[in-house]
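**Student:** Below is one structure. I have some questions about it.
The values are calculated or read from the model by the stated rules, or taken from the named source; none is laboratory data. Values in this document were obtained by computation on a predicted structure and should not be read as measured data. Counting neighbours? That spans all protein chains shown, and the Cβs are built from the backbone with ideal geometry, glycine included. Protein only, heavy atoms only, side chains kept; ligands, DNA and RNA dropped before computing areas. Shrake-Rupley method; radii C 1.70, N 1.55, O 1.52, S 1.80 Å.
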Amino acid sequence: MSEQALSRALSRRSQLARLKKQVSDLLFHAYGFWGYLFLYFPIIILVVFSFNDSRSTAQWAGFTTHWYADMLKDHQIILSLWNSLFVAIVSTTVSVIIGTLAALAMERYRFWGKLMMDAVLYLPIIIPDIAMAIMLLIFFDISGIGFEPWKVNFFGAHLAVPYSVIIGHVAFNISFVAVVVRARLAQMDQVLEEAAQDLYADPWRTFWRVTFPMLLPGILGGALLAFTLSMDDFVITFFTSGAGFNTLPVRVFGMIKKGVTPKINAVSTLMLLFSLMLVAISLILSRGGEKGDSSGNPMF
Amino acid sequence: MSETYAVELKNVVKQFGEVVAVNGISLRIRDGEFFSLLGPSGCGKTTTLRLIAGFEMPTSGSVRIYGEEQGYLPPYQRPVNTVFQNYALFPHMTVAQNVAFGLEMRKVPKDEIKRRVAEALALVRLTGKENRRPKQLSGGQKQRVALARALVNRPKVLLLDEPLGALDLKLRKAMQSELKALQEQVGITFIYVTHDQEEALVMSDRIAVMNEGNVLQVGTPEEIYEHPQSRFVADFIGKTNFISGKVAVISGDRVDFRLPDGTMVAATLPEGAQVSAGDMATLSIRPEKIFVTPEGEQPLVGDAEALSQVSGRLVKIFYVGVERRYIVALADDTEVEVRVQNLDRRSRRCQPGDRVTLHWRRAHARLLKE
Ligand SMILES: Nc1ncnc2c1ncn2[C@@H]1O[C@H](COP(=O)(O)OP(=O)(O)OP(=O)(O)O)[C@@H](O)[C@H]1O
Ligand SMILES: [Mg+2]
């Protein structure tokens with residue numbers, strides 16, 4: 001009798017617990033849904049209205065691709081795109097080399113002033129872009145470097161890219177590359193380098209045969225990050241370019257001042273697509289790294 | 001003409017800042033020997049090995065390999081190879097590439113590399129696994145790749161740092177005999193680091209027992225087990241009973257020893273031990289060297305009258321298959337463990353709570369100074 005009552009009470013209690021869990025799950029999922037909606041709704045609007053057949057960016061008036069055609073015919077936009085790519089490629093290459101060496105120095109060697117360098121290396125990541133931009137501007141001014149352009153023929157496009165912009169991009173990219181490569185290096189067991197030396201590899205060959213291949217996913221991850229940051233950068237480019245030089249984000253900013261049109265939406269959509277592509281590549285790369293050993297790319 | 005040793009350490013000291021990891025070690029390891037460094041965690045085994053390999057430079061002292069002073073030679077110029085504790089296989093290379101690495105670095109011709117890699121993999125029974133990645137191998141297989149990667153270079157000395165430490169017990173036993181057979185086959189000097197005393201006893205030609213950066217005793221497994229020269233060695237290798245008391249009379253290597261309750265027993269003095277009559281001291285006796293009988297009876301052995309006898313009370317019996325373990329409390333409550341094979345009838349009549357007599361031969365009771 002009393003046993004039955006007890007078991008009934010117990011089952012009622014477990015039903016109650018189940019109900020509670022269902023409700024909380026529901027709330028949790030709803031919360032997630034609203035969160036995502038909040039994040040992605042503006043992006044969806046942006047993309048949708050880049051196909052809007054009207055100058056208005058608020059009212060839907062049918063589908064068109066002519067804003068994209070318009071964009072491709074705009075020489076200013078195309079030139080700024082080439083500028084962006086050139087700055088990104090050059091600054092990424094330089095900062096990957098310097099950043100990787102800095103990471104190696106920090107992880108593998110002891111030297112005087114290491115603590116100091118540690119702090120300085122991370123500085124560009126933490127200080128506001130605007131502060132960095134003003135610092136650079138003052139630096140170029142008083143050092144006499146100025147905004148001297150690098151005249152170059154880049155796949156047929158005749159560019160004039162100020163050295164100051166490239167130096168500015170290198171200055172912040174080094175930090176990001178160093179952080180990513182260093183994380184990878186910290187995960188890498190140093191005993192592997194000892195094993196290589198035990199097998200008659202001198203330090204030079206130890207680096208190229210063991211350290212570098214194992215570091216490669218980290219270096220590529222750092223490179224992609226640097227490239228993306230460089231393509232996206234507005235503040236530092238704006239301050240260090242002097243007059244008349246536009247990268248894509250700077251160009252878009254200039255266009256907005258004359259009023260927002262769906263053409264800007266089209267440019268933004270293209271930039272979005274490009275960024276997504278880079279993220280996808282980095283994900284694929286880090287998977288590849290994981291296949292080789294357990295430590296994946298730490299950044300992505 | 002002095003003998004050339006495979007490895008000779010002379011007064012080697014290694015300090016890491018304040019920590020003295022190796023405290024003046026001298027060792028002579030012979031050509032073709034299977035030599036083990038045995039000791040508890042943190043005693044300096046790995047550091048000693050790394051000093052030989054060249055990963056660490058001695059604070060003072062000298063390291064010679066086949067008579068040649070190594071000085072500050074870096075690891076890649078020393079004629080030794082190492083098998084690392086966690087294998088340290090290159091994860092981005094296949095098994096064959098791992099094994100070929102050392103030969104490539106020494107610029108051995110391509111076709112010879114191919115042949116020797118195949119030979120080495122056959123030696124460790126991994127033929128057919130050439131193109132696997134280390135990740136796709138079991139622990140035992142990784143172990144064998146590490147071994148092949150070192151042996152393929154035909155080093156003069158192979159250094160092994162707890163190579164079986166990460167394997168489960170069964171695989172470990174199998175690898176022990178495999179490794180020992182391999183060493184006999186290739187005839188290379190092995191220096192083997194372990195903290196497992198049984199492993200060291202089974203595999204080694206000679207063992208150096210280490211503690212706190214010092215080598216306490218060097219000898220064959222039998223010498224180390226049967227004739228420990230210090231309390232630490234006796235305790236670390238196998239199970240030992242310690243019985244304390246006072247030295248009464250010394251004559252040659254014979255010691256008459258008085259237990260706290262007045263019982264006189266006979267013991268053996270180890271070579272070179274500095275003890276004199278009246279000193280407090282400790283006897284060490286292995287549990288399997290003691291006979292236990294009901295009180296007043298004699299064990300069934302030839303020289304029963306010559307045995308020392310001590311009485312006590314049987315506290316507990318543990319049955320462990322091949323043997324029984326008797327825990328006997330002496331007059332001063334010192335507990336003594338006795339191990340008896342499940343053949344002996346006389347001891348089997350003893351029950352917990354009974355008065356019993358323990359018997360041992362003089363040769364088996366060794367005196368250790370406190
Ligand atoms: N690079 C180092 N820096 C500072 N101290 C160290 C270093 N390497 C070893 N030691 C210290 O030296 C002592 C001996 O270390 P070692 O690694 O040789 O011990 P071990 O006998 O191999 O121990 P285990 O069985 O745990 O591997 C330890 O106290 C250790 O903390
Ligand atoms: Mg160790």
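**Student:** Which numbered condition in (1) more than 16 Å from ligand 2 (Cβ to nearest atom); (2) away from chain A (no Cβ under 11 Å); (3) in contact with a strand residue (DSSP E or B) (Cβ under 7 Å, 6 or more places away or on another chain) is the only one that B:N81 fails?
**Tutor:** Result: B:N81 passes all but (2).
**Student:** Please state which one of B:L158, B:L137, B:L126 is under 25 Å from B:P75 (Cα atoms) and of a type outside the set (D, E, K, R).
**Tutor:** After ruling out the rest, the residue left standing is B:L158.
**Student:** In addition: Evaluate the following for A:F63: is it buried (at least 17 other Cβ atoms within 10 Å of the Cβ), among the aromatic types (F, W, Y) and touching a residue at least 12 places away in the same chain (Cβ under 8 Å)?
**Tutor:** Criteria not met by A:F63.
Yes/no matrix, rows are residues, columns are (1) more than 14 Å from every other protein chain (Cβ to nearest Cβ); (2) crowded, with 23+ Cβ neighbours inside 10 Å; (3) farther than 30 Å from A:I236 by Cα:
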{"site": "A:F154", "(1), (2), (3)": "yes, no, no"}
{"site": "A:S164", "(1), (2), (3)": "yes, yes, no"}
{"site": "A:V180", "(1), (2), (3)": "yes, yes, no"}
{"site": "A:D189", "(1), (2), (3)": "no, no, yes"}
{"site": "A:E194", "(1), (2), (3)": "no, no, yes"}
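**Student:** I'd like the residue in segment A:45-60 that is in contact with a helix residue (DSSP H, G or I) (Cβ under 7 Å, 6 or more places away or on another chain) and outside any loop (DSSP other than H, G, I, E, B) and, out of all such residues, is surrounded by the fewest Cβ atoms within 10 Å (Cβ to Cβ).
**Tutor:** Per the stated criteria, the residue is A:V47.
**Student:** Can I ask one more? Given the conditions (1) over 30 Å from B:I52 (Cα atoms); (2) in a helix (DSSP H, G or I); (3) under 23 Å from the mean Cα position of the chain (by Cα); (4) modelled with pLDDT of 90 or more, report the number of the one that A:F140 does not fulfil.
**Tutor:** Against the list (1) over 30 Å from B:I52 (Cα atoms); (2) in a helix (DSSP H, G or I); (3) under 23 Å from the mean Cα position of the chain (by Cα); (4) modelled with pLDDT of 90 or more, A:F140 comes up short only on (3).
**Student:** Right, next: Could you please find all residues in segment B:31-48 being more than 13 Å from ligand 1 (Cβ to nearest atom) and either within 14 Å of another protein chain (Cβ to nearest Cβ) or open to solvent by 10 Å² or more (accessible area, probe 1.4 Å) (or both)?
**Tutor:** If the condition is that a residue be more than 13 Å from ligand 1 (Cβ to nearest atom) and either within 14 Å of another protein chain (Cβ to nearest Cβ) or open to solvent by 10 Å² or more (accessible area, probe 1.4 Å) (or both), then B:D31, B:G32, B:E33 are the ones that fit.
**Student:** Working only within segment B:49-106, note down all residues that are within 14 Å of ligand 1 (Cβ to nearest atom) and open to solvent by 30 Å² or more (accessible area, probe 1.4 Å).
**Tutor:** B:R50, B:F55, B:E56, B:M57, B:T59, B:Q85, B:N86
**Student:** Let me ask you something else. Any chance you could count how many residues in segment B:188-198 are of a type outside the set (S, T, N, Q), within 16 Å of ligand 1 (Cβ to nearest atom) and surrounded by 21 or more Cβ atoms within 10 Å (Cβ to Cβ)?
**Tutor:** Summing the residues that are of a type outside the set (S, T, N, Q), within 16 Å of ligand 1 (Cβ to nearest atom) and surrounded by 21 or more Cβ atoms within 10 Å (Cβ to Cβ) in segment B:188-198 gives 3.
**Student:** Do any strands (runs of 3 or more DSSP E) entirely within segment B:136-245 hold 3 or more residues that are away from ligand 2 (no atom under 16 Å from the Cβ), and if so, which?
**Tutor:** It comes to B:214-219.
**Student:** Next question. If I go through segment B:225-242 residue by residue, how many of them are more than 16 Å from B:E288 (Cβ to Cβ) and crowded, with 17+ Cβ neighbours inside 10 Å?
**Tutor:** 5
**Student:** Pull out all pairs, ordered by first then second residue, where Cβ-Cβ is under 8 Å, the residues are six or more apart or on different chains, the first lies in segment B:188-210 and is within 14 Å of chain A (Cβ to nearest Cβ) and in contact (Cβ under 8 Å) with a residue 24 or more places away in the chain, and the second is within 15 Å of ligand 2 (Cβ to nearest atom) and open to solvent by less than 20 Å² (accessible area, probe 1.4 Å).
**Tutor:** B:I191/B:S36; B:I191/B:L37; B:I191/B:L49; B:I191/B:I52; B:I191/B:L159; B:I191/B:L160
**Student:** Condition test on A:I97, is it in a helix (DSSP H, G or I) and closer than 27 Å to A:L215 by Cβ?
**Tutor:** So A:I97 fits the description; yes.
**Student:** So which residues in segment B:275-298 are among the polar types (S, T, N, Q) and either within 17 Å of B:F232 (Cβ to Cβ) or in a strand (DSSP E or B) (or both), if there are any at all?
**Tutor:** B:T282, B:S284, B:T293
**Student:** While we're here: Exactly one of (1) open to solvent by 50 Å² or more (accessible area, probe 1.4 Å); (2) at pLDDT below 85 is unmet by A:L270. Its number?
**Tutor:** Result: A:L270 fails condition (2) only.
**Student:** Consider segment B:107-128. How many of its residues are more than 14 Å from chain A (Cβ to nearest Cβ) and open to solvent by 50 Å² or more (accessible area, probe 1.4 Å)?
**Tutor:** 13
**Student:** Then there is this: Within segment B:251-276, which residues are of a type in the set (A, V, I, L, M, F, W, C) and open to solvent by 60 Å² or more (accessible area, probe 1.4 Å)?
**Tutor:** Correct list: B:M264 only.
**Student:** Just one of (1) of a type in the set (A, V, I, L, M); (2) closer than 29 Å to B:S36 by Cβ; (3) surrounded by fewer than 22 Cβ atoms within 10 Å (Cβ to Cβ); (4) within 14 Å of chain A (Cβ to nearest Cβ) trips up B:L151, so point out which.
**Tutor:** For B:L151, the exception is condition (3).
**Student:** Can I ask one more? Need pairs with beta-carbon distance below 7 Å; first residue away from ligand 1 (no atom under 16 Å from the Cβ) and within segment B:161-179, second open to solvent by 40 Å² or more (accessible area, probe 1.4 Å); sequence gap 6+ or separate chains.
**Tutor:** What qualifies is B:Q176/B:V202.
**Student:** Then there is this: Out of all the residues in segment B:133-144, is one or more within 25 Å of B:G32 (Cβ to Cβ) and of a type outside the set (S, T, N, Q)?
**Tutor:** Looking for residues that are within 25 Å of B:G32 (Cβ to Cβ) and of a type outside the set (S, T, N, Q), one finds at least one in segment B:133-144, hence yes.
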